[in-house]
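Quick note: the coordinates plus some simple rules give every number you see, no bench work behind them. Everything numeric here is computed off the predicted structure, so don't read it as measured data. Backbone-built Cβ (ideal geometry, glycine too); neighbour counts: all protein chains shown.
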Amino acid sequence: MSVGSGCIPAIPGVAPPARRGLLGGAFLQVSAARPRAGRCRATQHGRVRLGGRVVARAGAAETPVAGADEDAGAAFSEKFPLRRCQTVEGKAWVRVDAEPDGDGKCKVVVGCDVAGKWILHWGVSYDGEQGSEWDQPPSEMRPTGSVPIKDYAIETPLEILPNSEGRYEVQIKFDKDTPIAAINFVLKEEETGAWFQHKGRDFRIPLSGSFDGGVPLGANQDIGVWPGDLGHLKKNQGSNAQPQETIPGGTGLSGKHISGFYQEFQIIKSEYTQNFVTVTVKRDNETHKRLVEFDTDIPGEVVIHWGVCRDNSMTWEIPPEPHPPTTKVFRQKALQTLLQQKADGRGNSLSFLLDAEYSGLFFVLKLDEYTWLRNLDNGSDFFISLTRLEQRGTTQDLAKVEPQKVDKSSQAGGIISDIRNLVVGLSSRRGQRAKNKVLQEDILQEIERLAAEAYSIFRSPTIDSVEASVDLDDPTIAKPACSGTGSGFEILCQGFNWESHKSGKWYVELGKKAKELSSLGFTIVWSPPPTDSVSPEGYMPRDLYNLNSRYGTMDELKELVKIFHEAGIKVLGDAVLNHRCAQFQNNNGVWNIFGGRMNWDDRAVVADDPHFQGRGNKSSGDNFHAAPNIDHSQEFVRNDLKEWLCWMRKEVGYDGWRLDFVRGFWGGYVKDYLEASEPYFAVGEYWDSLSYTYGEMDYNQDAHRQRIVDWINATNGTAGAFDVTTKGILHAALERSEYWRLSDEKGKPPGVLGWWPSRAVTFIENHDTGSTQGHWRFPYGMELQGYAYILTHPGTPAVFYDHIFSHLQPEIAKFINIRRRQKIHCRSKIKILKAERSLYAAEIDEKLIMKIGSEHFEPSGPQNWVVAAEGQDYKIWELSS
Amino acid sequence: MDASPTVTLRHASAAAWGTVRTRHAVDARRDAPTRVAFRRGCSRGDLVRAAGLGRFFGAGDQGSSKSHEVTRSQPQVDDLAPARLYVGLPIDAVTDGATVNSAAAVAAGIRAVRLLGADGVELPVFWSVAQPESPDRFSWAGYKAVADMVRAEGLSLRVSLRAHGTPGAGVPTLPSWVTGVAVDDPDIFFTDRSGGRHDGCLSFAIDELPVLHGKSPLQLYEAFFRGFANEFEDFFDDSTITDVTVGLGVHGVLRYPSYPPGSDARKFTGVGEFQCYDKYMVSQLRRHAEEAGHAMWGLSGPHDAPRYHESPDSCGFFRERGGSWETPYGDFFLSWYAGQLVGHGDRVLGMASAVFAGKPVELSAKIPFMHWWHGELSRPAEAAAGFYKSNKKNGYSPVAKMFARHGCTMIVPGMDVCMNKQLHSAGSSPDQLLAQIKNACRRHGARIAGENASLAMTHSSSFSRIRSNILTTELMRPCHFTYQRMCADFFSPDHFPQFLEFVRSVVCGEWDEDDEEQRGMMAGSNGNAREATKAA
């Protein structure tokens, strides 16, 4: 029998040797999250990594480091995870028993002696087939436990042989006269997921071997071919490896002849093992030097390849002698110090003193000539800032420092100091210009970001008029109900989503929910736009007096309103007043002639709408570009609209309005319409973009809320407005864990809610922002935090249909219940207790406390607060009576 | 002088720095002729400061220590110690004593300053904010909060202690309990010829008169300064506060309020009027005239002086040829008028240097930068503001001498003022004025520092002007420069990018390869220039 042998390097586990100098290590991804323009701003969570700091903190936080408690003030410790590639050498073998056994079967045996969960992944090739296509073997060939993979391979586990000291084998039996030409396989180790191939190809065992007599091709191989006890058979590695060349070879297949052979391969199995190295720096009180201690759980010889730097120059240098014992100087550039085996044999450690003048220490671990372990976090050298001793100082103890969560906010301070140190350090180095450029950019970005933040806060618009309104909002003064506020205790339900028109029977369907909505505590439902419309959703109205729409017929609508009224819920109609689609074209073929009962012509269209050749006056607001914008400055238009609204109040029974796109015309006209139609409640959609500077959402959104408040002011307070500002700020606060955004500079809520709560209709989602449109979707999974906010705060909260009828319903019902129980109303007094990185807490009307955010919070004070609701990152307490 | 702790600290930091610059600073301070211990150009002990302006000079400074030894006997005015760069915090950062306005923005601004690599920030501290209600109670919390932010960022802090508020700062110019006195005695305020009063601006003549609830303004200033010194002791101890700027008059500037009452001093570029008509000033003038033997001269101010906005030639007093200013009377009056100013400065600075003696800070005070009408022989605008010396000599000389006596750095707030046509028509000459101020300081051994008059919004040339004033000047280079000041416009996209460029160009010279070369050249030329100076 011929015996072949080959070396199979399975996983290259060798890292390139460490370079000198840290610049590789000073790798820096600077945050500068620059969300894209547009309403929906995806926020990338920027993360800055520098050296090993980030990972170090994480690691240290998980595992308190022994020894750190001795002198907590004067020591710190960093623990770095290491990934070490451990190799196990062994062999695999392939044996072909050509002599039939008792059942007349020949067999192929594949085995190996390395521990693991070995799988033979194999297939066969038939005679006369060229190429390397596999086929599945006939079922009688498959050993028990085989699993077919797709339609061309089989996976069969190797089984450990009894009394074999860890030898695994699998046997494949076949008939001597099988038509199968060869068995192809690779070995797979399931635990590491490693595949073992043969020189990058499949192993191939020819079953229809050539006759003896050929010159062993293995002669030119680096591994000898050994004749086995079946000496008359020849096999060599070469023919294994390139069977395509040998099998169809000139010797021909004059007769089926199974060659028995045995071949061994060297197998190197690589495993990654998790280890740690802990670096502890203490201040040595006697010598005023620093005691640096390395501790790792890697067994065997471990060398640290290290250097120091001054003034954070990030330039490697060698400290003067004496060096620690067993230290070699490596090319005058670094020191290599052999760590000492720990007494218990589980790893190595070493400690030595360093002069206090050094500000940093670099190191890489070296296991052998080819194995260097570097910082997993960034693939570069480890860096320990020795100045941290001073910075963290003797006042802070380790316990306080370590458990910092690794998120970007908490790092910001450190990062900046790191960046700063790097600037100093790096800028002093020549030859690192390119790196410096990158760094500069990062620093400049950070500076820009800070400037933008400062700018947005300083650029505070005048809010005098608003503060006057807030005073008007004094809850101690009894307020008559007005259409801007309703009763003051209203809770709104948006009764549709973007898909509601699809059934054609929405009014009927919604009507069935009336009882449920009522029992949940809603007082107002906002129904979809009812008119004849070019678009099925209803927001492109055409004939305003035709109330048959994709949501249902006019009669169904009337019935719906009746049902809701019976359930004690007011109904808002969605009135689209800004634009109206024309029925007819003018002489130029432009669609600007209206039909129906309001048969306006192009005089009703604003003059500055470029697409519709209006002959009216200029628009008093922004233009909606898809349809002719109505010129509200024309008296006949206003009269017609007033008449229409009154008709809807009377005919349909609507109690009030949700006014679409009120940005498009002056709020003063809205006041006109509301005074004419005398609604119970009205709310306008004034939606424009929040303020962003240099791509970051500004902390100060006063300009944004000012625009909304200005609009409400123009309506003379006869309408509320959706608090888009609050929604936007909630997005940023929740998504990025920046809960400090939820308090403005004066300690009030930062949205319209903070300035004119009674007119703020708070919401977190609607048919545009969410539903199937998703123009500006609320942070996923944080909806309950959002509702915990708006349903406990002043203002009039609106809940989106999709949220009510979802898994969120029980919690939302709970919130509404609390709101009603505690009689929170649109002018309730709010006191913000906390607005921090990951915590916002507020007290409302001195009878309810809520918090959102991951940080722990408990109400304090003599009162007895009881938990009323609690969930992921939110909690609500109420005063127990 | 309790200087030894400071020296120790310095050595500690020298070890950390290991730079020539620091050692140089130590040497410099050893025989600093000042009464207040001061430190310069270096950072707090263990913190490695980012490249300041000093870093820019640091390279050129090598080997200059020796040459410096030679001139050591001279006052420290030509000290080539590196200039420090400060940025002014918002004027209204603290307006009610207990809170920081726009705290997040202030914090962001401070952090940005740190990233920019500047040395520190300047914080105006107003008397009316710190002691708003009564002479018995101080409220420092707001200022402390800001100082904490600065310390947390590891920056230096220059505090400007201002007895008089600034319009636009959102604070009263004086504490209300002081202003209340004026109801009964309106003459405590500066008064012009027509009886117009500068509400909130205490006359120099009452400095030592117990007219404010039984105390003199000087005593109250001292209580304010001492209150600050005690309250911020640990900020002095850890050298967060490196500079104390003493406000010597309205807007923190040593001058008469020669502009029209109620107007914005910063926008006024007229000649102005003499402010010597409150009863206390008039009585001092009378006494002075009697002593001088010209009792008639002391009855009132000059009768022929121009009105605020009139041209100097419109009336007799400041007329270029044959004006009253050249007459013995004119000299008598102007000398007395200027002397009152210097006397006031002397009193307040003397008190301040006593209060801050032993603290490791540099004392400074601000003078006006009145470049308009500087082309006139009579220097009318400066004379009306109190800067005059007989015989057409340097009007800044008496002030510089007084500053030097107290070891006080003179802050010149016009490093950005460029010549332009508009100003030229009003006889403006910023270059000459700066040279004149420098000459005065050089003669008397007072150091100077710089500020900008306004945000460099309109002229980007302002930045290059600043650069040349603080970097390339050979003699009397400012020892620090403060860019005034953070506000909405400062951070606006119209301004901030330019400012960023400016700072990069002066602070982080080595950021770019090009700059690196430039720096080399600059250092070389500096060295040569210095050699040349010595030879001369």
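To the nearest 0.05, what FRET efficiency results for A:Tyr780 and A:Val590 with a Förster distance of 41 Å applied to their C-beta separation? Computed FRET efficiency for A:Tyr780 and A:Val590 comes out at 0.45. Remark: for residue pairs B:Lys267/B:Lys401; A:Lys831/A:Lys875; A:Lys79/A:Lys289; B:Lys389/B:Lys438; A:Lys671/A:Lys746, the C-alpha separation exceeds 24 Å in B:Lys267/B:Lys401; A:Lys671/A:Lys746.
If you take the Cα centroid of region B:374-444 and the Cα centroid of region A:489-546, the two points sit 76 Å apart. On the basis of the beta-carbon distance and an R0 of 41 Å, A:Asp177 and A:Glu89 show a calculated FRET efficiency of 0.55. Peptides B:247-260, A:699-712, A:867-880 ranked from most to least packed give B:247-260, A:699-712, A:867-880, packing being the mean of other C-beta atoms within 10 angstrom over each peptide's residues. On a C-alpha basis, how far is the centre of region B:132-195 from the centre of region B:327-367 in Å? Whole number, if you could? For region B:132-195 versus region B:327-367, the Cα centre distance is 20 Å. Rounded to the nearest Å, what's the spacing between the alpha carbon centres of region A:111-178 and region A:796-825? Just the number, please. Cα centroid of region A:111-178 versus Cα centroid of region A:796-825: 62 Å apart. For A:Asp127, the amide hydrogen comes within under 5 Å of the amide hydrogens of A:Ala181, counting only partners 5 or more places away or on other chains and with H modelled in the peptide plane. The mean count of C-beta atoms from other chains within 10 Å of the C-beta of residues in B:115-123, rounded to a whole number, is 3. Taking every residue in B:491-497 and counting other chain Cβ atoms within 10 Å of its Cβ, the average works out to 5. Highest-first packing order for the peptide set A:331-344, A:738-751, A:716-729 is A:716-729, A:738-751, A:331-344, based on the mean count of other beta carbon atoms within 10 Å. Kirkwood's formula applied to the C-alpha pairs of region B:355-429 gives a hydrodynamic radius of 14.0 angstrom.
Packing order of peptides B:268-280, B:210-222, highest average first: B:268-280, B:210-222 (average count of other Cβ atoms within 10 Å over each peptide's residues). With only the Cα atoms considered, region A:284-385 has a convex hull volume of 114 Å³ per residue. I'd like the FRET efficiency for A:Ala115 and B:Asp148, computed as 1/(1 + (r/R0)^6) with the beta carbon distance as r and R0 of 51 Å, rounded to 0.05. Calculated transfer efficiency: 0.25. Modelled this way, with points 7 Å down the Cα-to-C-beta line, the labels at B:His213 and B:Tyr329 are 4.4 nm from one another.
Using 32 Å as the Cα-Cα cut-off, could you pick out the over-long pairs in A:Lys502/A:Lys829; B:Lys279/B:Lys393; B:Lys215/B:Lys366; A:Lys727/A:Lys847; A:Lys834/B:Lys144; A:Lys512/A:Lys834? Listed pairs above 32 Å: A:Lys502/A:Lys829; A:Lys512/A:Lys834. The mean number of Cβ atoms from other chains found within 10 Å of a Cβ in peptide A:440-452 is 6, as a whole number.
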